[in-house]
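All remarks here apply to the structure that follows.
The values are calculated or read from the model by the stated rules, or taken from the named source; none is laboratory data. This is a predicted model, so every value here is computed, not measured. Cβ placement follows ideal geometry from the backbone for every residue including glycine, while neighbour counts extend to all protein chains displayed. For accessibility, only protein heavy atoms count, side chains too; no ligands or nucleic acids. Shrake-Rupley method; radii C 1.70, N 1.55, O 1.52, S 1.80 Å.
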Amino acid sequence: MKIVNSWNDFDPLKHVIVGRADNCCISPSEPASKAKVPLDSPMRGMTGPRPLATVEKANEQLEGLVKLLESRGVKVDRPDALQWNQAVVTPHFMIGSMFGCMPPRDVLLTIGSDIISAPMSFRSRYFEFYAYSRIQREYFDKDPSFRWIAAPRPELSDASYDMHYFDDEVTEEILLERTAKLHMVTKEHEILFDAADVLRLGKDLFVQHGLTTNRKGMEWLRRMYPDMRVHAVNFPGDPYPIHIDATFVPLRPGLILNNPVRKLPKEQRKIFEANGWEIVDAAQPAHSQPPELCYSSVWLSMNCLVLDHKTVIVEASETAQQEQMDKLGMNVIPLPFRDAYAFGGGLHCATADVYREGVCQDYFPHQVEDPTLVSFQEK
Ligand code: ABU
């Protein structure tokens with residue numbers, strides 16, 4: 001019985017994992033996660049389990065997502081929340097608590113019939129993959145073609161990070177200069193990537209080089225999938241480039257929304273242009289600030305869940321984003337989800353694909369010569 005199959009974010013969705021907010025913690029500051037907490041955020045210095053009332057509200061909205069998906073015939077699995085408020089001790093680091101399992105998209109990367117547990121570049125997220133073990137055991141038992149893959153477990157010692165990246169004097173302007181030059185907090189010491197930095201478009205994987213994913217991570221993917229094409233992309237304009245799914249979001253074959261303040265550079269657009277893809281600036285978010293104690297930016301407005309080539313779920317308050325998608329020919333289903341944001345992201349983050357109809361297609365038969373896009377082995 002075929003259970004796992006997904007090659008992109010837009011073919012008809014039939015089976016998905018939806019996260020849980022239970023036991024979620026604000027984990028202690030660490031070299032990589034400092035990046036996720038903006039310099040002026042009240043979360044700086046806070047740590048420990050999130051208030052129960054906020055967990056309950058987030059879980060209500062996650063349940064709302066589950067009900068909506070099930071009402072449309074999509075099978076939903078849920079992870080097992082661990083007691084995240086436990087210290088992690090490895091031979092290479094110690095940290096006072098873990099994080100949570102609301103955003104499975106960050107951890108699980110589905111490529112065809114494979115689900116890869118990403119290395120993760122936050123120490124607090126080192127053991128997060130365990131939340132998905134039970135459901136992956138079931139897939140393994142029932143689906144003979146399912147390949148359950150764990151990327152190499154990283155050390156996450158101080159050698160993995162530029163330990164001075166977030167020194168006190170750093171400003172947003174400095175961070176913008178650094179990220180534009182591809183100088184990130186994560187170094188090239190070892191293979192690092194978060195699953196949510198990988199945009200899957202059939203035979204082509206577009207991988208954001210940012211604070212959570214390095215070039216070695218891309219190289220690992222390239223060696224694992226020699227028949228696919230791995231492209232490095234980056235989005236100058238983002239001082240905290242973490243995860244591609246509030247920056248570059250496909251709605252259907254040939255159409256991608258791009259965050260207007262994190263534009264894909266001209267030379268990196270060439271492959272999309274050469275293959276007839278339209279890149280459209282996303283609408284402005286409805287909110288000027290993220291919700292309280294939220295790691296993510298206001299651009300979760302575009303972090304939507306596409307159900308098929310014509311249907312998309314968008315956060316209920318994001319009316320401009322909904323109108324834009326409507327004009328682009330999508331049927332929009334609004335769903336309240338803002339109470340879940342603080343637990344790790346929006347509708348796309350809160351899900352991980354198990355099964356979408358469709359096969360591995362070549363959407364980019366015209367590959368272009370471009371030093372920023374070529375596969376890692378050609379560099
Ligand atoms: N995990 C997506 C968050 C990206 C952003 O904060 O814009």
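Rounded, prolate or oblate for the stretch 84-208? Axes are the square roots of the Cα gyration tensor eigenvalues, ordered a ≥ b ≥ c, and the cut-off for rounded is a/c under 1.5. Oblate, because a/c is 1.5 or more while a/b does not exceed b/c.
Packing, as the average of other Cβ atoms within 10 Å across residues, places the peptides 73-83, 189-199 in the order 189-199, 73-83, highest first. The helix-only estimate of mean residue ellipticity at 222 nm for the chain, built from DSSP H runs of length n ≥ 4 each weighted as -39500 (n - 2.57), is -5500 deg cm²/dmol after division by the residue total. Using a probe of 1.4 angstrom and keeping all protein chains present, the accessible surface of the chain works out to 39 square angstrom per residue. What shape does the stretch 50-132 take by its C-alpha gyration tensor, where a ≥ b ≥ c are the square roots of the eigenvalues and a/c under 1.5 counts as rounded, a/b above b/c as prolate, and the rest as oblate? Note, shape of the stretch 50-132 comes out oblate. Nearest 5 is fine: what % of DSSP beta bridges in the stretch 92-233 come out antiparallel, could you say? Once the DSSP bridges in the stretch 92-233 are tallied, antiparallel ones form about 50 percent. Applying 0.36 nm per residue to the separation of TYR130 and ARG72 and subtracting their alpha-carbon distance, the gain on full extension is 18.0 nm. Its convex hull of Cα atoms gives the stretch 110-175 a direction-averaged projected area, equal to a quarter of the hull surface, of 6.4 nm².
Indicate the gyration tensor shape class of the stretch 262-333 (rounded, prolate or oblate), computed on the Cα atoms with a ≥ b ≥ c the square roots of the eigenvalues: a/c under 1.5 is rounded; otherwise a/b larger than b/c is prolate and the rest oblate. Taking the square roots of the gyration eigenvalues as a ≥ b ≥ c, the stretch 262-333 is oblate. Extending 7 Å from the Cα toward the beta-carbon at both VAL89 and ASP281 defines two label points whose distance is 5.4 nm. DSSP assigns beta bridges within the chain; of those with both partners inside it, close to 55 percent run antiparallel.
Under the convention that each Lys and Arg Cβ holds +1 and each Asp and Glu Cβ holds -1, the size of the dipole of the stretch 127-236 around its Cα centre is about 840 debye. When the charge dipole of the chain is built from unit charges on Cβ atoms (+1 for Lys and Arg, -1 for Asp and Glu) and taken about the Cα centre, the candidate among LEU68, ALA286, ILE111 whose Cα reaches farthest toward its positive end is ILE111.
Run the accessible area of the chain with a 1.4 Å probe and give the carbon-and-sulfur part as a rounded percent. Here it works out to 53 percent.
Using every pair of separate Cα atoms, the Kirkwood estimate puts the hydrodynamic radius of the stretch 222-372 at 16.5 angstrom.
Spatially, the stretch 45-109 and the stretch 297-375 are offset by 20 Å when compared through their Cα centroids. Computed over the chain, the range of Cα coordinates on each principal axis works out to 46, 46, 45 Å, biggest value leading.
Roughly what % of Cα-Cα distances in the stretch 143-259 sit above 20 Å, to the whole percent? The calculated P(r) of the stretch 143-259 puts 47 percent of pairs beyond 20 Å.
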